[in-house]
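Note sheet for the following structure.
The values are calculated or read from the model by the stated rules, or taken from the named source; none is laboratory data. The model shown is predicted, which means the values in this text are computed figures rather than measured ones. As a convention, Cβ positions derive from the backbone with ideal geometry for all residues, glycine included, and neighbour counts pool all protein chains shown.
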Amino acid sequence: MIDWLAFLLVLVSALIATVVVVSLYSLGLRLLTVSGRTPIVTPAEFTDAITVVTPAEAKAAAKKAAKAAKKSPLTDGQKRAALIGARACFVVSAIAVIVGIYLIVPVLHGFLN
Amino acid sequence: MEILLVVLVIVLALFFDFTNGFHDTANAMATPIATGALKPKVAVTIAAILNLVGAFLSTEVARTISGGIIKEGDGGILITPELIFAGLLGAIVWNMITWLLGLPSSSSHALFGGLIGATIVGFGVYAIDFSVVLSKVVLPAVLAPLTAGLIAYTATKLAYAITRRYDGKPDGRDGFRYGQIFSSSLVALAHGTNDAQKTMGVITLLLISVGLQPVGSGPEFWVVTVCAVAIALGTYVGGWRIIKTLGTGLTDIKPAQGFAAETSTAATILASTHLGFALSTTQVASGSVIGSGMGRRGSKVRWGTAGRIGVGWLLTLPSAGIVGALAAFVATFGVVGIIIDTIVAAVVVGGIFLWSRRSEVDASNVVSEVASSGRAVKIKKNPKPKKKVAP
């Protein structure tokens, strides 16, 4: 007997989990940018394979981001609100991951009860 | 004699576990290394530790293998250590062959194929519970990559849509690099939960077969521990090879895309593990990479490449089954058969290893299967975003 419901359960739960985590993280990045703190992340180490960002490109990107932040039409209060929103998004997305892991690990359920 | 055989099978199973970790480090860690999210050393260490942790988190998949596929107990059969030995040999030999030929394959399916083939030779077709094979192995094998691909497609679309800016100002997508540190760690954890358990299942099946454990029981704690250590060691050792020779196949994966693909892979594997589906993490990760590629603007699927990957997957289970069946047939001759099996397998594995040393390792043959599945999607360089409304 094939348990089709189980497959559907995997699809739906994995879809919801991924959409929640990715959306929140993206929204956090968007708000972070709006608040004038565009993240510029230089690669941790330049192996042969990495051609994604060169140090010069990263520097240029940082300059562009600073310029855009200076021109921002938002007031300081709005920027601060955006920053708080961004951080809230990151935190909630991290909590979503932790709750997801908690749900599937039966051993952890014992600790909290 | 029996105790010697039990030890031999456990060693063989742990070797299989080790090669599994060795083989799959790239699945979790190639993307963050390629996009520069993590230093290679750090990435490999994290992957090894999380594989170790992941192995302790669940036992559902191990139960599927030790208690589901082969009918044991009342009205069923009692599988012998000889047959498990033959099945493992089938899986290892087939794994080595596909590795040499560069065929995409799944070590998990090689394991199932080998065990099923050996059992059929030993007891006949009726000993296999085909409904369990179908519902817990074959169907998940087909559905999981599709599920992961669909989810990754959706997530990639979302990630790009949410961060897209039409005014040309910086979009902050660099920040996905930080996110990748966590998403790739989750993939490593998920890998530990699913793949380490396959070996636990085999060792448990073995202990049940010699009467050291009651029929239908789950893996013992020491079994969980040794399997966790074996897969973590394999991951750590395998990582160094990848760092040295990481190919260029992954540079087309952007941080946003990598983040979406990894989250989708981790979510799919973790959800499946929870329900006891033994799936191939390689296939799920490949499905996600293809799906997330399709989620980018200006992408087109190379169906030929995608089709070749699919055919390789489909071949694995029956092929490993045939090798397992052959090994089981020889093993029915008793001690002599086991010795012949061991020698033949050692010669084949050693021969393949020596043969592979002859060819130079370079970017073309060392890129992980997941990375090469990225080639199934063709993406135009930087297409301009369409403006929605002129401000």
Discussion item. Given the criterion at pLDDT 80 or above and either crowded, with 24+ Cβ neighbours inside 10 Å or over 20 Å from the mean Cα position of the chain (by Cα) (or both), identify the matching residue among B:210, B:229, B:202.
Written reply: B:202
Fill in: The listed residue being among the aromatic types (Phe, Trp, Tyr) and surrounded by fewer than 19 Cβ atoms within 10 Å (Cβ to Cβ), out of B:153, B:166
B:166
Worksheet item: Mind checking which pairs have a first residue in the range B:148-175 that is more than 8 Å from chain A (Cβ to nearest Cβ) and touching a residue at least 60 places away in the same chain (Cβ under 8 Å) and a second that is part of a helix (DSSP H, G or I) and basic (Lys, Arg), Cβ under 7 Å, 6 or more apart or different chains?
Response: none
Worksheet item: Could we say that residue A:41 is at pLDDT below 75, under 20 Å from the mean Cα position of the chain (by Cα) and within 8 Å of chain B (Cβ to nearest Cβ) here?
Response: yes
Worksheet item: Of everything in the range A:12-31 that's touching a Gly at 6+ places or on another chain (Cβ under 6 Å) and not hydroxyl-bearing (Ser, Thr, Tyr), which residue is farthest from residue B:158 (Cα to Cα)?
Response: A:31
Discussion item. If I go through the range B:206-224 residue by residue, how many of them are in contact (Cβ under 8 Å) with a residue 40 or more places away in the chain and under 14 Å from residue B:17 (Cβ atoms)?
Written reply: 3
Discussion item. Criterion first (closer than 19 Å to residue B:144 by Cα, over 20 Å from the mean Cα position of the chain (by Cα) and in a helix (DSSP H, G or I)) does residue B:304 satisfy it?
Written reply: no
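To keep it simple, each residue is scored yes or no on (1) at pLDDT below 80; (2) within 14 Å of chain A (Cβ to nearest Cβ).
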{"site": "B:257", "(1), (2)": "no, yes"}
{"site": "B:262", "(1), (2)": "no, yes"}
{"site": "B:265", "(1), (2)": "no, yes"}
{"site": "B:272", "(1), (2)": "no, yes"}
{"site": "B:282", "(1), (2)": "yes, no"}
{"site": "B:294", "(1), (2)": "no, no"}
{"site": "B:297", "(1), (2)": "yes, no"}
{"site": "B:311", "(1), (2)": "yes, no"}
{"site": "B:314", "(1), (2)": "yes, no"}
Discussion item. Show the residue pairs meeting these rules: Cβ distance below 6 Å; 6+ apart or different chains; first residue within the range A:58-84 and away from chain B (no Cβ under 13 Å); second residue at pLDDT below 80 and surrounded by 13 or more Cβ atoms within 10 Å (Cβ to Cβ).
Written reply: A:79/A:35; A:79/A:36
Response to the item:
Inside the range B:164-199, the number of residues satisfying the requirement of being in contact with a Ser or Thr (Cβ under 6 Å, 6 or more places away or on another chain) and assigned to a loop (DSSP other than H, G, I, E, B) is 3
